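Trainee: Next up is a structure, given as structure tokens.
Read-outs: derived from the displayed coordinates by stated rules, not from any lab. None of these values were measured; they are calculated from a predicted model. All Cβ positions, glycine included, derive from the backbone under ideal geometry; neighbour counts span all protein chains shown.
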Amino acid sequence: MTKITFIEPNGTRREIEAADGQSVMLAATGAGIDGISAECGGSCICATCHCLVIDAPQDLPEMEDTERDTLEFTSDAMQDNSRLTCQVEVTPALDGAVFQVVGH
Amino acid sequence: MAGVVIIGAGHGGTQLAAGLRDEGYAGTIDLISADPDHPYHKPPLSKSFMKAEDAPLQPLRAPVFFADKDIRLHLGQTATGIDRAAKTVTLADGATLPYAALVLATGTEARRLTLPGHDLPGVHTLRTASDARALRGALPGVARVVVIGGGFIGLEAAAMLAGRGIAVTVAELAPRLLGRAASAEVAQAVAHELEALGVRVLTGVSVEAIEGEGRVAAVRLGTEVLAADLVIVGIGAVPVDGLARAADLTVENGVVVDAHLATSDPHIFALGDCASFPAPGNGRHMRLESVQNATDQARALAATLAGKPTAYGAVPWFWSDIGPMKLQIAGLIGAADEAITTHGADGRLKSVYHLAAGRLVAVETLNSAGEHMLARRLLTDGVTPPRDVLATGDAARIKAAWQDLTATA
């Protein structure tokens, strides 16, 4: 299990224990984190799992083109630390990471 | 005091319950679901759910969410009647729930074949978790599948089955795949993709019967007989409107609602796949079967029911993952009279820009997520970049044109 912290849209910080191998989005929605509606279920389409990486003990794996393109043209402005959490896998390297939910 | 009662806990009903709390609604929320499974994402049923025997359903919201938000979830409960005068709903177990506002989010059910053999064991449909579990459980040992119908669900299933090494034939009555849902250009690209995956695609064929002794063995077409260990019927869906009809609400290709999603009874609303709503722009009633339509209508209705009347007017968008191909559609092709196609470096179709009387009305993309997201912005803002810019299919250039057009607007 990997500890990940989310900052919900209203500012609440919540730490969760996430099972490795699933996506960060699934871990977050499974724990009832507010603001991640994940409408498309993880197909990298709706951008409603958009989060900012506030802190990460190690660099996250690089984005693929689909994630980058979806983020670049989404209505919630893309920032340098933007990620679609459905495309980020929970691994021990994420232990201690902090994601801020952009919301929808 | 009576609150909001929602019938149907699919994408729309569940989003409405969540959205009401987001909007600060403090009354009671009862979410009634005839489906016994905890509310789940439907699109993965034909894809990731099939990949492993123990793949779980993907919850729309975690169980803890419903408790946290004080949403009363009634799973496996069928609503049997509406008393409009008393403003109550009756459930199959005899319980009666009062409502201030009632919302029908009942969705659709698979259209049934009426051919000989339609009810033989081995004939499947794919709409609910229980359908998906039955199909998944039946697949081991299956070598040949016939998919009847060339719509999105059937084609997604065909690609998934071909990926497992199963010999798949798609039999479609119409002259091409995807009927009204996609353009002819895209339908042809999808057919090529499926054929590259090993799927046999037959269009313009009639299905005469499903044959077999005790279970399915073949599908008889007008032209040939296809051996089959299993058949998937994907010939569309019909709105679940029985409650609305019994309650004498106006029903015509779905439950008829106005721009605020109210039915002919001002205390009863409908949304999602089962609702026939006035299209923004021309006001003609239409019904859409999509996750986006259900969830965005739920957001609009949540605001209305929380005291902020909100007309529904979102740009429709849609996606389908067919094997490795990601098809995305923004807008409605309906009235288009001009198509601009673009191709990737590999020569394959990448996008189709549809114009009606010179205005951009819809964009289809294949494996081109940036163009799709940008198309949604263009359609929301109602801008049409110059044709020569669209024809480049270059998202950066189209974005620059969009910025120019919206800056001067």
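Trainee: Under a Cβ-Cβ cut-off of 12 Å, what is the net charge of the residues other than A:Ser23 that fall near it, where Lys and Arg count +1 and Asp and Glu count -1?
Mentor: Once all neighbours under 12 Å are counted, the net charge is -2.
Trainee: Here is a follow-up. Could you tally the net charge around B:Ala26, taking each other residue with its Cβ under 13 Å from the Cβ of B:Ala26, Lys/Arg +1 and Asp/Glu -1?
Mentor: -1
Trainee: Pull out the extension gain between B:Arg164 and B:Leu120, defined as 0.36 nm times the separation in residues minus the alpha carbon to alpha carbon distance; nm, one decimal.
Mentor: Result: 13.4 nm gained on full extension.
Trainee: Charges only on Cβ, +1 for Lys and Arg, -1 for Asp and Glu: so what's the dipole of the range B:1-156 about the Cα centre, in debye to the nearest 20?
Mentor: With only Lys, Arg, Asp and Glu charged at Cβ, the dipole is about 360 debye.
Trainee: Also, I was wondering about something else. Of all GluC sites (Glu not before Pro) in the range B:206-312, which ones are in loop regions per DSSP and have a Cβ with at most 15 other Cβ atoms within 10 Å?
Mentor: B:Glu213, B:Glu224, B:Glu252
Trainee: Next question. Check B:His285: other-chain or 5+ apart residues with amide H under 5 Å from its amide H, H built from backbone geometry?
Mentor: Here B:Ala279 satisfy the definition.
Trainee: Follow-up. Over every pair of different alpha-carbon atoms in the protein assembly as shown, take the mean of 1/r and invert it; report that Kirkwood radius in Å.
Mentor: Result for the protein assembly as shown, one decimal place: 24.1 Å.
Trainee: Does the range B:314-409 classify as rounded, prolate or oblate by the C-alpha gyration tensor (a ≥ b ≥ c root eigenvalues; a/c under 1.5 gives rounded; else a/b over b/c gives prolate, otherwise oblate)?
Mentor: The shape class here is prolate.
Trainee: Please build a GNM for chain A, connecting alpha carbons under 10 Å apart, and tell me which residue among A:Ala27, A:Ala77, A:Ala93 fluctuates the most.
Mentor: Evaluated over chain A, the most mobile residue of the options is A:Ala77.
Trainee: Right, another one. Count the net charge of all other residues whose Cβ sits under 10 Å from the Cβ of A:Arg14, scoring Lys and Arg as +1 and Asp and Glu as -1.
Mentor: Summing Lys/Arg as +1 and Asp/Glu as -1 gives -2.
Trainee: Return the ratio Rg/(2.2 N^0.38 Å) for the range B:156-250, where Rg is computed over Cα atoms only.
Mentor: Working it through for the range B:156-250, the quotient is 1.33.
Trainee: Here is a follow-up. In whole Å, how far is the Cα centre of the range B:146-190 from that of the range A:1-34?
Mentor: 37
Trainee: On each of the three principal axes of the Cα atoms of the range B:238-328, give max minus min coordinate, whole Å, ordered largest first.
Mentor: Principal-axis extents of the Cα atoms in the range B:238-328, largest first: 45, 30, 24 Å.
Trainee: Using only the Cα atoms, work out Rg/Rh for the range A:2-101, with Rh taken as the Kirkwood radius, to two decimals.
Mentor: Looking at the range A:2-101, the ratio lands at 0.91.
Trainee: Right, something else. Taking the alpha carbon gyration tensor of the range B:1-116, what are the square roots of 5 times its eigenvalues, largest first, to the nearest whole Å?
Mentor: Value: 27, 20, 11 Å, ordered largest first.
Trainee: Percent antiparallel among DSSP beta bridges with both residues in the range B:112-233, to the nearest 5?
Mentor: 30
Trainee: Between A:Asp95 and B:Asp68, what FRET efficiency comes out of the Förster formula 1/(1 + (r/R0)^6) with R0 = 22 Å and r the beta carbon distance, rounded to 0.05?
Mentor: Calculated value: 0.30.
Trainee: Related question: Determine how many Å³ per residue the convex hull of the Cα atoms of chain B encloses.
Mentor: Taking the convex hull of the Cα positions in chain B, it is 157 Å³ per residue.
Trainee: Given a 10 angstrom Cα cut-off, can you work out which residue in B:Gly370, B:Gly272, B:Gly313 is the most mobile in a GNM of chain B?
Mentor: Highest fluctuation among the options: B:Gly370.
Trainee: Kirkwood hydrodynamic radius for the range B:259-381: how many Å is it when counted over pairs of different Cα atoms?
Mentor: The answer is 15.7 Å.
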